[in-house]
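Novice: Sharing a structure here in structure tokens format.
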Amino acid sequence: MISINKTYEVVMFLLQKNNYGAIPPSQFNAFAELAVYSIFESLFYSDNLDTLKKGNHLTNSQYADLKKIREEQIDVYSIYSTPSNFIFDAPSGLWKFIGNDLYRATDLSLVNNTTKKKVSIEMGLKTQLNYAVNSSINPPNIYFPEYYRVGDDFKVYPEVITGHYVELLYIRKPKTPKWTYNIVAGNPMYNAGASDKQDVDLHISLYEKLIVKILQYCGVSLREIDIVQMAEGEEVKIIQKQS
Amino acid sequence: MGATNPQIYYEDPLRHGEYKYVSFLDLVNNFIDNMTGDDTLIGQITRRKVIYQMKQGIRQFNTSNLREVKGCELELNDTLTAIYPPDYVSYVSVSYVDQSTGKLMTMNINPDLNTFPAFLQDNNANILFDHDGYILEGTSMNAELESQQNVITYEFDDNCFNNALGYGNYHRNTNFRIDATKNINGSFNTTNEGFHFSSDAISKVIMLTYVSDGLESNDDKNIKINKLAESALYAYVKWQLLTNKGNVQEYIVKRAEREYIALYRNATIKLMNIRHTDVMFLLNNRRNWLR
């Protein structure tokens, strides 16, 4: 987590408009959320590039292991479902996630209730579903089950037998950042004790990227081409540094 | 399938001898865990492709080098036929049990035994059809004769050649060559459904040894192979997956093929169970023969 107040103060400092209302808190919160999602989504593409680099021996081990560093940034969002928020809907025969923070499904597992032993449920291709199910040599079975996405839900083959349940490993949505405040003498003052305060839900290593991204949006909003150009220049530098 | 607690092992008959096998579930998991994914030659691949090739490999190994021979005792019906066991793929040997000595007397295949259907025909030799237009079939001449228990008997005499290797007693033909179809122990032929025996086999108990394809249990949990063939099977799957993958240079595929062939040969030799004591015994016998 990155402190939302620290982020707010740095952005305001860089804009030279500290608490003068040019960027009201509501706008800052909106830009911060946009920046978080933009950086968050780019992590997956960066992970792919890092994997390629690792395959080509362009990264090294330990502190120079770029893929490990990237995975650490993504792992923050990787969590397991529980039997209460990932349930089987008998009429439709589908497994449904009833939480509201699912961003991307990573893996499904068939879990034995008693032993807790897990078997990976592999994602199948929808276009090959009929071939798979009708196969006489390797149809999906309880040892090698498969799933297919149906809308937001999951169809598991074969049907899950008694004594087992399905567990979803998924990437959750980042929490929406919120800089909370009280109006004191006409100016917004940070309220750290507000119940709805939310720090920025990104790995601390992405702090610099976050500031630059928010500045870009602020520059566009203020029609300050200098700020946009400065932010874009900083972003290019970060990309070059990490390539 | 790993080493287990000795007490559990000895008390559970189902576990006896299990350590010499690797289960199919372990094979698939090991292969996916160690030979696929990022930074491997095969790369990302779906599990079902691995399962498919693994099962094809098991089939091939079982019918060639694994020597997991099964056996069963069969009693013949009136038409001297025996239906294949449900997991039958190919026979290794067919014998009858000599009830006086208990010895297994090997029988030979005789392709001349009639196993073809006989079409029903009218007086003018026109073929007869049923109301659906399919040809009506009767009992073939050979089978009919055999069902009448027209037993052919062979006598031991000077014309009989007693095979030193115990493969039955063969009549010599006129050119003094061994004719396997004239085996005094009787003969059989194979059809799509089972064995068809010569009339010599009447009232005899048949001992059949055969091989299956290793997938007969129809349950992935029960499929297993000998540990000595494990590496060869991985090499087979790797080679097949690389063969079917796009953008893989031919030399890589060839390298995988050579690796498989080498490991397959090694596995075959290991599974032949050649012991140095056996070799010494044979060599010593050779010296005796020469004297």
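Novice: Inside region A:100-121, can you point out the residues that are surrounded by 13 or more Cβ atoms within 10 Å (Cβ to Cβ) and part of a loop (DSSP other than H, G, I, E, B)?
Specialist: Of everything in region A:100-121, just one residue is surrounded by 13 or more Cβ atoms within 10 Å (Cβ to Cβ) and part of a loop (DSSP other than H, G, I, E, B), namely A:D101.
Novice: Out of curiosity, is A:V236 farther than 30 Å from B:R48 by Cα, at pLDDT 90 or above and either open to solvent by 50 Å² or more (accessible area, probe 1.4 Å) or among the β-branched types (V, I, T) (or both)?
Specialist: Answer is no for this residue.
Novice: Which one of these does A:D50 not meet: (1) in the same structural domain as A:L206 (by TED's automatic domain parsing); (2) among the charged types (D, E, K, R); (3) open to solvent by 80 Å² or more (accessible area, probe 1.4 Å)?
Specialist: Tallying (1) in the same structural domain as A:L206 (by TED's automatic domain parsing); (2) among the charged types (D, E, K, R); (3) open to solvent by 80 Å² or more (accessible area, probe 1.4 Å), A:D50 fails exactly one: (3).
Novice: Still on this structure, please answer the following. Just one of (1) open to solvent by 60 Å² or more (accessible area, probe 1.4 Å); (2) within 30 Å of A:V76 (Cα to Cα); (3) out of contact with any strand residue (DSSP E or B) (no Cβ under 7 Å at 6 or more places or on another chain); (4) more than 14 Å from every other protein chain (Cβ to nearest Cβ) trips up A:E159, so point out which.
Specialist: (2)
Novice: Which of the residues that make up region A:122-137 are surrounded by 15 or more Cβ atoms within 10 Å (Cβ to Cβ) and more than 10 Å from every other protein chain (Cβ to nearest Cβ)?
Specialist: A:L129
Novice: Also: Which condition does A:H164 not pass, out of (1) over 30 Å from B:I58 (Cα atoms); (2) open to solvent by 30 Å² or more (accessible area, probe 1.4 Å), if it passes all the others?
Specialist: All conditions pass for A:H164, except number (1).
Novice: Would you be able to tell me the number of residues in region B:2-41 that are open to solvent by less than 40 Å² (accessible area, probe 1.4 Å), farther than 18 Å from B:D220 by Cα and away from chain A (no Cβ under 14 Å)?
Specialist: Adding up the residues that qualify gives 1.
Novice: Do you know which residues across region B:207-221 are among the aromatic types (F, W, Y) and crowded, with 21+ Cβ neighbours inside 10 Å?
Specialist: none
Novice: Go through B:K224, B:K204, B:K254, B:K245 for me and flag whichever is within 16 Å of B:L66 (Cβ to Cβ) and open to solvent by 40 Å² or more (accessible area, probe 1.4 Å).
Specialist: After applying the criteria, what remains is B:K224.
Novice: Can we say B:I225 is touching a strand residue (DSSP E or B) at 6+ places or on another chain (Cβ under 9 Å), outside any helix (DSSP H, G or I) and of a type in the set (A, V, I, L, M, F, W, C)?
Specialist: It is true that B:I225 is touching a strand residue (DSSP E or B) at 6+ places or on another chain (Cβ under 9 Å), outside any helix (DSSP H, G or I) and of a type in the set (A, V, I, L, M, F, W, C).
Novice: Could you grab me the full set of residues in region A:120-155 that are farther than 23 Å from B:G57 by Cα and among the aliphatic types (A, V, I, L, M)?
Specialist: Hits for region A:120-155 are A:I121, A:M123, A:L125, A:L129, A:V150.
Novice: When B:K238 is evaluated against the numbered criteria (1) modelled with pLDDT of 90 or more; (2) under 23 Å from the mean Cα position of the chain (by Cα), which criterion, by number, is the only one it fails?
Specialist: (2)
Novice: While we're looking at this one, here's another question. Among the listed residues A:A194, A:A185, which satisfies the condition of being open to solvent by 40 Å² or more (accessible area, probe 1.4 Å), more than 13 Å from every other protein chain (Cβ to nearest Cβ) and among the hydrophobic types (A, V, I, L, M, F, W, C)?
Specialist: Selected residue: A:A185, the only one of A:A194, A:A185 that is open to solvent by 40 Å² or more (accessible area, probe 1.4 Å), more than 13 Å from every other protein chain (Cβ to nearest Cβ) and among the hydrophobic types (A, V, I, L, M, F, W, C).
Novice: Would you say A:L206 is touching a residue at least 24 places away in the same chain (Cβ under 8 Å) and in the same structural domain as A:A32 (by TED's automatic domain parsing)?
Specialist: Yes.
Novice: Quick check: is even one residue across region B:42-53 touching a helix residue (DSSP H, G or I) at 6+ places or on another chain (Cβ under 8 Å) and more than 30 Å from B:N247 (Cα to Cα)?
Specialist: No, the conditions are met nowhere in region B:42-53.
Novice: Then there is this: Name the residues in region A:142-156 that are within 11 Å of chain B (Cβ to nearest Cβ) and either under 21 Å from A:Y170 (Cβ atoms) or loosely packed, with under 15 Cβ neighbours inside 10 Å (or both), would you?
Specialist: Once the filter is applied, which keeps residues that are within 11 Å of chain B (Cβ to nearest Cβ) and either under 21 Å from A:Y170 (Cβ atoms) or loosely packed, with under 15 Cβ neighbours inside 10 Å (or both), region A:142-156 yields A:P145, A:E146.
Novice: Check A:I137, A:I121 and return the single one that is touching a Pro at 6+ places or on another chain (Cβ under 8 Å) and either of a type outside the set (F, W, Y) or over 26 Å from A:N85 (Cβ atoms) (or both).
Specialist: A:I121
Residues checked against (1) surrounded by 10 or more Cβ atoms within 10 Å (Cβ to Cβ); (2) in contact with a strand residue (DSSP E or B) (Cβ under 9 Å, 6 or more places away or on another chain); (3) modelled with pLDDT of 55 or more:
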residue: B:V89; (1), (2), (3): yes, yes, yes
residue: B:V92; (1), (2), (3): yes, yes, yes
residue: B:N108; (1), (2), (3): yes, yes, yes
residue: B:N114; (1), (2), (3): yes, yes, yes
residue: B:F119; (1), (2), (3): yes, yes, yes
residue: B:L128; (1), (2), (3): yes, yes, yes
residue: B:A143; (1), (2), (3): yes, yes, no
residue: B:F156; (1), (2), (3): no, yes, no
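Novice: Then there is this: Please count how many residues of region A:83-99 are free of Cβ contacts under 8 Å to residues at least 40 places away in the same chain, exposed (fewer than 14 other Cβ atoms within 10 Å of the Cβ) and either farther than 13 Å from A:V156 by Cα or in contact with an Asp or Glu (Cβ under 6 Å, 6 or more places away or on another chain) (or both).
Specialist: Count: 3.
Novice: Output the qualifying pairs, or none if there are none: Cβ atoms under 6 angstrom, residues six or more apart or on different chains, first residue in region A:25-54 and of a type in the set (K, R), second residue modelled with pLDDT under 90 and crowded, with 20+ Cβ neighbours inside 10 Å.
Specialist: Correct list of pairs: A:K54/A:K67.
Novice: Quickly run through region A:44-85 and pick out the residues that are closer than 30 Å to A:H164 by Cβ and either within 14 Å of another protein chain (Cβ to nearest Cβ) or not in a loop (DSSP other than H, G, I, E, B) (or both).
Specialist: If the condition is that a residue be closer than 30 Å to A:H164 by Cβ and either within 14 Å of another protein chain (Cβ to nearest Cβ) or not in a loop (DSSP other than H, G, I, E, B) (or both), then A:E71, A:I74, A:D75, A:S78, A:I79, A:Y80 are the ones that fit.
The values are calculated or read from the model by the stated rules, or taken from the named source; none is laboratory data. Keep in mind that this is a model prediction, so the values were computed, not measured. Using ideal geometry, Cβ is built from the backbone for each residue, glycine included, and neighbour counts are taken over all protein chains shown. The area values use the complete protein model at the heavy-atom level, side chains included, leaving out ligands, DNA and RNA. Shrake-Rupley method; radii C 1.70, N 1.55, O 1.52, S 1.80 Å.
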